[in-house]
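Accompanying notes for the structure given below.
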Amino acid sequence: MNKIILASQSPRRKQLLEWAEVPFEIVVADTDEHFPPGLNPEQIAIYIARNKALAVQQKINDETILAADTIVVLNDNIIGKPVHREEAITILLALSGEKHKVITGVVIRNGEKEVSFADTTEVEFYDLSIEQIEFYVDKYKPYDKAGAYAIQEWIGVIGIRSVNGDFYNVMGLPVSRVVRELEAFR
């Protein structure tokens with residue numbers, strides 16, 4: 001596989017591509033993560049991913065760019081990244097004992113050629129105690145994570161009841177589908 005450009009600073013996306021042995025270089029550009037009204041969650045994730053790809057494309061010519069954006073949806077509400085401790089605790093209390101969706105929008109671009117898709121995974125938490133939530137937030141500081149958690153960290157290990165869909169999508173990239181799309185993209 002040819003080297004791609006990963007338009008993301010996410011250590012989890014970097015790790016997943018390394019595990020899949022996809023050669024890549026990281027190039028990022030500042031992008032606005034706002035979106036127009038009227039989009040459904042899948043469209044929102046793709047819209048933000050596309051903006052990331054287009055911003056990097058202005059710096060890079062003739063290379064394949066991979067961009068992604070992951071959102072968490074609970075009862076039709078998009079849950080972003082928490083700004084502070086109290087918000088992280090509030091988010092995790094809302095997710096406790098509930099099912100939610102993790103949606104990653106993916107855009108692969110080279111010049112005008114583009115492939116985009118969204119992958120959805122349903123995640124259900126056991127009921128979490130306030131002590132468990134506070135311990136997790138204080139120790140792991142999940143402020144850079146949509147939904148205020150990482151499935152591969154302590155809270156995922158002890159708190160997840162079920163995962164329906166691609167586990168790695170919850171980490172930030174449906175890597176097996178991405179690899180197949182990259183192979184077909186040439």
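A short reminder: the numbers here are calculations on the coordinates, not readings from a lab. Here the structure is a predicted model, which is why all the values come from computation and not from measurement. For neighbour counting, all protein chains shown are included, and Cβ atoms are generated from backbone atoms with ideal geometry for every residue, glycine included.
Mean-square fluctuation check for the chain, GNM, Cα pairs under 10 Å: which of 130, 91, 151 is largest?
Sorting by GNM fluctuation, first place goes to 130.
Work out how much length residue 184 to residue 158 would gain on full extension: take 0.36 nm times their residue separation and subtract the Cα-Cα distance, in nm to one decimal.
Length difference between fully extended and current span is 5.6 nm.
Taking the beta-carbon count within 10 Å as an exposure proxy, list 126, 136 from fewest neighbours to most.
Ascending number of Cβ neighbours within 10 Å: 126, 136.
Under a crude label model (7 Å from the Cα following the beta-carbon direction), how far is residue 98 from residue 85 in nanometres?
Those two pseudo-labels are separated by 2.3 nm.
Does the stretch 1-98 come out rounded, prolate or oblate by the C-alpha gyration tensor, with a ≥ b ≥ c the root eigenvalues, rounded set by a/c under 1.5 and, if not, prolate when a/b is larger than b/c and oblate if not?
Cα axes put the stretch 1-98 in the prolate bin.
With axes computed from alpha carbons, what is the tilt in degrees of helix 85-95 against the longest principal axis of the chain, rounded to the nearest 10 within 0 to 90?
With rounding to tens, the tilt is 90 degrees.
Got a sec? Charge dipole of the chain, +1 on Cβ for Lys and Arg, -1 for Asp and Glu; which of 95, 60, 45 is way out at the positive end?
60
Among 167, 125, 135, which one shows the biggest mean-square fluctuation in a GNM of the chain, springs joining Cα atoms closer than 10 Å?
For the chain, modelled as a Gaussian network with Cα springs under 10 Å, the answer is 135.
Compute a Gaussian network model of the chain, connecting alpha carbons closer than 10 Å, and tell me which residue from 83, 170, 73 fluctuates the most.
Answer for the Gaussian network model of the chain: 83.
Say R0 is 35 Å: what FRET efficiency, to the nearest 0.05, do residue 29 and residue 74 get from their beta-carbon distance?
0.70
State the number of lysine pairs found in the chain whose Cα atoms come within less than 23 Å, restricting to pairs 8 or more positions apart or on distinct chains.
The result is 25.
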